[in-house]
Amino acid sequence: VQLQASGGGLVQAGGSLRLSCAASGRTFGYYVMGWFRQAPGKEREFVTSIVRNRGNTDYADSVKGRFTVSRDNAKNTVYLQMNSLKPEDTAVYYCALSTSSYSSRLAGSYAYWGQGTQVTVSS
């Protein structure tokens, strides 16, 4: 499985960005896609996840109400719409895929990772 993340960039506080993560290769009929982020000097943290088949979503409290995760199953692509961005959202964002049918906030539950895309929010 290969994951290709894209859509990062530089935006002012209050702005929006949309990240995409396309899965290719031996994808599974069921999986969970997660988004994590890592800021300089900090540990990687869970942002959100979505279950491919059922569409169930989970959000970290820090992004709830501002970020929205969605999927296009036909394209094996997951999107992360980020609105009302804050400087503290600045980080490298990673998409990750778990072959479980249940979502998880633990990075160790995800076997496949994308290369990361930089999001920088200026104040």
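The residues on offer are L10, L19, and the sole one that is modelled with pLDDT of 95 or more, part of a strand (DSSP E or B) and open to solvent by 50 Å² or more (accessible area, probe 1.4 Å) is L10. Checking every residue in the range 66-85 against the condition of being buried (at least 17 other Cβ atoms within 10 Å of the Cβ), touching a strand residue (DSSP E or B) at 6+ places or on another chain (Cβ under 7 Å), closer than 17 Å to S6 by Cα and of a type in the set (G, A, S) gives zero matches.
Counting only strands (runs of 3 or more DSSP E) that fall entirely inside the range 34-123 and contain at least 3 residues that are among the hydroxyl-bearing types (S, T, Y) and modelled with pLDDT of 95 or more, the qualifying elements are 117-122.
Does G41 satisfy being at positive phi and touching a strand residue (DSSP E or B) at 6+ places or on another chain (Cβ under 9 Å)? Considered against the rule, which asks whether it is at positive phi and touching a strand residue (DSSP E or B) at 6+ places or on another chain (Cβ under 9 Å), G41 comes out as no. For the range 38-51, the condition holds for at least one residue, the condition being that it is of a type in the set (V, I, T) and farther than 24 Å from V121 by Cα.
The values are calculated or read from the model by the stated rules, or taken from the named source; none is laboratory data. These numbers were taken from a predicted model, which means no experiment stands behind them. We place every Cβ from the backbone using ideal geometry, glycine too, and count neighbours over all the protein chains shown. Note: areas computed on protein heavy atoms with side chains; ligands, DNA, RNA excluded. Shrake-Rupley method; radii C 1.70, N 1.55, O 1.52, S 1.80 Å.
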